[in-house]
Amino acid sequence: MIEEDLRAAFARREALTPPTGPVRAAIDRAVVRRRRRRLRLRLAGTALAVVAAALAGFTAIAPRPPETANLLATPSPTPTGALNVLLLGLDQAGAGRRADSVLLVHVPADRSRLYLVSLPRDLLVPIPGRGTDKLNASFVFGAGPAGKDLPAGYRATRQVVGQLTGVRIDAGAVLTYAATRELTDAAGGVPVCLPATVRSVHTQRRFPAGCQTLDGAAAVDLLRQRYGLRDAALDRDRNAGRYAAGLLGQLQEQGVLTNPVLLSRLIAKVGPSLVTDTGELSLSALFSAAGKAATAEPVAVGLPVRYTEKAPYGFRLDPTQAPGFLDALRTDRLGEWTAAHPKQVTALR
């Protein structure tokens, strides 16, 4: 009797039950939208990672994901003023990781070329709440004891670099050597011209003086070298600038920086799992600015510094040249300054 009553009750209410087809379709549409959004975020981050790598010779990971991303979108609106992008290259994984490569990429308002400004990792700078320490230590303090909070490490270093240079950092990335191999190989190798022979203390590989094309493993090996070089870490920074210029030239020659289809193919080879921060810029605006400036050979220049022979040991700003350099950076006149100070410019050929 109870069973028959239940069946009768269900039969009476069945007409009131909404059809499942529209509900299922709505759920499917929501899932598709969510998956597409995740894919756009991954592609956007990787696209900027390629830009970062093209500017500095490394591959970017994660200060924070961009708000929007359409790789094939028309770059509009585009910024009209100068831009500054901070790229940090990490030395190791885990606790105590430091930003051993600090590169400020200056994109002038006229988009005439890119200026790759190397900031020495051992530059003594004031770090908020920590007193005076080396520039690369700022990442350690931000990232925490385990070295896992990369966004915080980036923000700490960005604050220090912003205070040091007096310029606004418009975008940035935390970088690692690990994916450089993939990017270099995906680009078909990177040409680098060295003024003197470099021998790796890690692999005993010999990099002869002159121009040569490096595969991914060789590129990583060269970028790690500082022991045995005449100016140690400063020469390592110069070699990073040479690699960056070679990578830019390779990508420009292949049309990758200005062709969304070719850029998408390169991204697919490197992988879609990397994200980074564009600041207040849209991804398309950053691409537009960097792409225009990359048509000319970049200028690699070192921040004018002097080594101090007393504790705390490290570099300090050169009192005779650094003020003029920083003023030129702030006022977007690096072209004039580098022309007047050719010894500060890294020879790329």
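The H on the amide N of Gly172, modeled in the peptide plane, is under 5 Å from the matching H of Leu86, Asp277, Gly279, each at least 5 residues off or on a different chain.
Using θ = phi - 60° in the Karplus curve 6.51 cos²θ - 1.76 cosθ + 1.60, the 3J(HN,Hα) couplings for region 213-219 round to 9, 9, 7, x, 5, 5, 4 Hz; x is entered for Gly and Pro.
Determine, at each q value in 0.11, 0.21 (inverse angstroms), the log₁₀ of I(q)/I(0) that the Debye formula gives when each Cα of region 166-242 is one equal point scatterer. The Cα Debye sum returns log10 ratios of -0.31, -0.96. Taking the Cα centre of region 150-260 as origin and assigning +1 to Lys and Arg Cβ atoms and -1 to Asp and Glu Cβ atoms, the resulting dipole is close to 400 debye.
Positive contributions from Lys and Arg (+1) and negative ones from Asp and Glu (-1), summed over other residues with Cβ under 13 Å from the Cβ of Gln321, come out at +1.
Any number yet on Rg/Rh for region 101-227, C-alpha, Kirkwood?
Numbers: Rg = 16.9 Å, Rh = 16.8 Å.
So for region 101-227, dividing Rg by the Kirkwood Rh gives 1.01.
So how do His341, His202 line up by other beta-carbon neighbours within 10 Å, fewest first? It would help to have the intermediate numbers written out before the result.
Details: His341 15, His202 10.
The fewest-first ordering by Cβ neighbours comes to His202, His341.
Derived scalar couplings between HN and Hα for region 125-133 equal 9, x, 10, x, x, 10, x, 8, 7 Hz in order, rounded to whole Hz, by the Karplus curve 6.51 cos²θ - 1.76 cosθ + 1.60 (θ = phi - 60°), x for Gly and Pro. Amide H contacts of Asp91 (H built 1.01 Å from N, in plane; Pro and chain starts excluded): Arg98, Asp100 sit under 5 Å, all sequence-distant by 5 or more or on other chains. Taking other residues whose beta carbon is less than 12 angstrom from the beta carbon of Tyr243, and scoring Lys, Arg as +1 and Asp, Glu as -1, yields +2.
Taken together, the values in this text are just the output of simple stated rules run on the coordinates, not laboratory data. All figures in this text were calculated on a predicted structure; none of them were measured in a lab. Every residue, glycine as well, gets a Cβ built from its backbone with ideal geometry; the counts of neighbours run over all protein chains shown.
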